[in-house]
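Notes for the one structure printed next.
FYI, it's all coordinate maths here, none of it is from the lab. None of these values were measured; they are calculated from a predicted model. Positions of Cβ are generated from backbone atoms using ideal geometry, with glycine treated the same way; all protein chains shown enter the neighbour counts.
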Amino acid sequence: MLEKIEIYIMLFAIYSVIGWIMEITLGFIEKRKFVNRGFLIGPYCPIYGFGGVAITILLRNFMITIDAVSLVDSIWISTIVIMCICGILEYITSYVMEKLFHARWWDYNNFKFNINGRICLETLIPFTIIGQIILRYASPAFINILSNIPEIWLHILTGAFLVIFITDISISYNIIRSFKKISNEAKDNTEEITKKVKEIISKTWRGKRLVSAFPNLDIEVIRKKIKQKVEESKKKIGKKKKEIETIVENINKAK
């Protein structure tokens, strides 16, 4: 039982790293420069790991009984299931990340056939094709390799990965959380706030990694939101001031 869990953990690690490689490759092709994608510091994108493992586990029994259906039917059935898995996982991840950090790691609003900018057909199709490769070829091969690793080494590899991964999550989350705290607390001077936020995020190597990992983190948007809050506060103060002046004026008239 433990060995099977460790195999899936290492499978998660493998697909996370492969996903990260895919992301930086696509980023380089698109922007002609290295963009270290992902929320975490290390070279892995967990959403790919979760997707690969989910496809492997949820369709495991289907692959065992695949001889009971025709090839065409098996492709159609697995395609629909894989597309649902990828879509649900990507949507939930986008939603949770936005609620936690008030920012998006991707936005498909400019793409056709999108749902709230979180998922779109244009990306689901290649993800589904990759899912078929994972289901039929990659996972069986990786599981076979991992199953042949000596038990002690499998324990060591799994333990080392979990320690690094959990530490990475903790550090990355705290960096983003401190960024939120700064942006929420600073309310007086928007230009100074923008400068301060950039300095704090970039003053450590972890912050620089996070900025490069999240190129869509728009300081200008935060600046505008803070400015809007300041303007709303000014209006409320002005309204209260007028109310107080009216009360004082009425008191003076009464005298």
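Here is how the numbers come out for the structure above:
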read-out: Loop-located trypsin sites (Lys or Arg not before Pro) in segment 59-143, at most 15 other Cβ atoms within 10 Å (DSSP); value: Lys112
read-out: Expected-Rg normalisation [2.2 N^0.38 Å, Cα atoms] applied to segment 2-166; value: 1.11
read-out: Exposure proxy ranking, count of Cβ atoms within 10 Å, fewest first, for Trp106, Trp76, Trp20, Trp153; value: Trp153, Trp76, Trp106, Trp20
read-out: Rounded to whole Hz, the Karplus (6.51, -1.76, 1.60) HN-Hα couplings of segment 146-157, x for glycine and proline; value: 5, 5, 8, 6, x, 3, 4, 6, 5, 4, 5, 4
read-out: Dipole in debye (nearest 20) - segment 74-163, about Cα centre, beta carbon charges: Lys, Arg +1; Asp, Glu -1; value: 160 debye
read-out: Rounded FRET efficiency, nearest 0.05, which uses the C-beta distance separating Leu100 from Lys4 and R0 of 41 Å; value: 0.85
